[in-house]
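One structure below.
The values are calculated or read from the model by the stated rules, or taken from the named source; none is laboratory data. Source: prediction; values computed, not measured. Heads up, the Cβs are rebuilt from the backbone with ideal geometry, glycines too, and the neighbour counts pull from every protein chain shown.
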Amino acid sequence: MNLEEYKVLLKRAKSSMNTNVNVENVERFVLPPVDMFIEGRNTVIKNFRDISDKMRRPVKDLAGYIQKDFGASISIEDKRLTIKTRLYRQQIEEKINNYLEIYVICHECKKPDTHIEKDGKIHILVCEACGARRSLNAAKKTSRTDQDVIEVGKTYPVTISTIDKNGYGIAKYGMYTIFVAGKIKKNGSYNVKIEKVLVKDAFGHTIS
């Protein structure tokens with residue numbers, strides 16, 4: 001085989017290679033930047049529907065994921081999502097990116113061209129680009145386990161369910177009961193900085 005024949009064969013081999021699963025060749029999937037503001041004790045995301053449309057997911061699905069993770073009431077109006085607690089931009093972006101990673105991006109080819117199918121009680125993420133299929137049920141359990149671990153020094157959004165006789169607010173966050181100090185009201189939503197964790201009880205104070 002001479003050099004010219006080798007070059008022709010090499011070119012044919014490269015052109016026949018499947019590049020669909022090569023992460024380096026996949027264009028980066030970019031969501032619209034979160035357009036948000038704080039209104040009283042509420043967090044309003046002005047372009048929430050634009051974000052869910054970009055993912056090709058129902059707005060109620062993404063909103064429900066955020067509601068469960070933050071443990072706060074929500075309302076949807078036109079393109080807006082209102083979360084009944086004050087949140088930082090970083091907290092919102094982290095949750096949206098978590099949803100994107102679990103419920104949208106294919107773990108094989110890293111493309112967002114997917115949809116969700118239901119087989120009995122099992123939800124399956126199906127990739128329209130490479131054909132890969134992945135159960136979402138195990139992913140849900142893993143994400144909840146990671147989220148439910150409370151750490152000292154970190155801040156968590158909670159809603160006060162009751163106030164005890166000593167004036168501490170009581171809220172639930174995953175498997176934890178959080179005792180909250182500060183100026184609080186029943187059914188109020190607050191960001192709480194954790195000072196101490198004992199097994200399944202946590203203690204903290206409200207921050208502005």
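Just a few scattered comments:
- Residues in the stretch 48-92 that are over 23 Å from L125 (Cβ atoms), among the charged types (D, E, K, R) and touching a residue at least 24 places away in the same chain (Cβ under 8 Å): D78, K79, R80, K84, R86, R89.
- Yes/no for I96 being surrounded by 16 or more Cβ atoms within 10 Å (Cβ to Cβ), within 18 Å of R49 (Cα to Cα) and out of contact with any helix residue (DSSP H, G or I) (no Cβ under 7 Å at 6 or more places or on another chain): no
- Those residues of the stretch 73-93 which are within 12 Å of the chain's Cα centre (by Cα) and either surrounded by fewer than 16 Cβ atoms within 10 Å (Cβ to Cβ) or not in a helix (DSSP H, G or I) (or both), in sequence order: Q90, E93
- Only one of the numbered conditions (1) in contact with a strand residue (DSSP E or B) (Cβ under 9 Å, 6 or more places away or on another chain); (2) surrounded by fewer than 11 Cβ atoms within 10 Å (Cβ to Cβ) is not met by L198, and that is (1).
- Residue that is farthest from G131 (Cα to Cα), among those in the stretch 13-36 that are surrounded by 10 or more Cβ atoms within 10 Å (Cβ to Cβ) and modelled with pLDDT of 55 or more: M36
- Scope the stretch 150-200; condition outside any loop (DSSP other than H, G, I, E, B) and among the small types (G, A, S); matching residues: G169, A171, A181, S189
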